[in-house]
Amino acid sequence: MSFLSENVIPGNYGKIFETDASEDSELERIQNVILEIPGIKDVIIDKTTFPKKITIHTSSLVKVKTIEDAVKRIKHHVIPKSLFEL
């Protein structure tokens with residue numbers, strides 16, 4: 001694991017996650033839980049893809065594990081995608 005794969009760094013790119021949730025209400029709950037984490041600036045959900053993609057932007061360094069654990073509390077999962085798409 002590297003620093004970039006274990007953390008969401010501040011900036012315009014953000015980090016993309018995929019989730020197992022599919023219902024709008026589930027996605028909204030995930031968005032709300034992630035927004036409660038200190039340092040999270042915004043959460044953008046792409047509902048047109050499968051699995052659903054979530055882009056997270058931060059104002060400070062946030063650990064990926066912190067985001068994963070927060071979403072696990074509401075019985076869902078988020079998995080970070082690779083750093084750069086090929």
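The values are calculated or read from the model by the stated rules, or taken from the named source; none is laboratory data. Since this is a predicted model, take the numbers as computed values, not measurements. Note that each Cβ is placed from the backbone with ideal geometry, even for glycine, and that neighbours are counted across all protein chains shown. Heads up: the accessible areas ignore ligands, DNA and RNA and are worked out on the full protein's heavy atoms, side chains in. Shrake-Rupley method; radii C 1.70, N 1.55, O 1.52, S 1.80 Å.
Taking the criterion of being of a type outside the set (S, T, N, Q), within 15 Å of residue 70 (Cβ to Cβ) and free of Cβ contacts under 8 Å to residues at least 40 places away in the same chain, the residues of segment 1-33 that qualify are 27, 28.
Just to be sure, is residue 82 in contact (Cβ under 8 Å) with a residue 24 or more places away in the chain and surrounded by fewer than 17 Cβ atoms within 10 Å (Cβ to Cβ)? So that I can check it myself, show each step before the final result.
On the way: in contact (Cβ under 8 Å) with a residue 24 or more places away in the chain: no; surrounded by fewer than 17 Cβ atoms within 10 Å (Cβ to Cβ): yes.
So residue 82 does not fit the description; no.
State whether one or more residues within segment 12-20 are under 14 Å from residue 74 (Cα atoms) and either open to solvent by less than 30 Å² (accessible area, probe 1.4 Å) or out of contact with any His (no Cβ under 9 Å at 6 or more places or on another chain) (or both). The answer is yes, given that some residue of segment 12-20 is under 14 Å from residue 74 (Cα atoms) and either open to solvent by less than 30 Å² (accessible area, probe 1.4 Å) or out of contact with any His (no Cβ under 9 Å at 6 or more places or on another chain) (or both). Applying the selection to segment 48-78, what residues are surrounded by 11 or more Cβ atoms within 10 Å (Cβ to Cβ) and more than 13 Å from residue 8 (Cβ to Cβ)? Passing the criteria: 51, 52, 53, 69, 71, 72, 74, 76, 77. Within segment 21-38, the set of residues being modelled with pLDDT under 95 and open to solvent by less than 60 Å² (accessible area, probe 1.4 Å) comprises 21 only.
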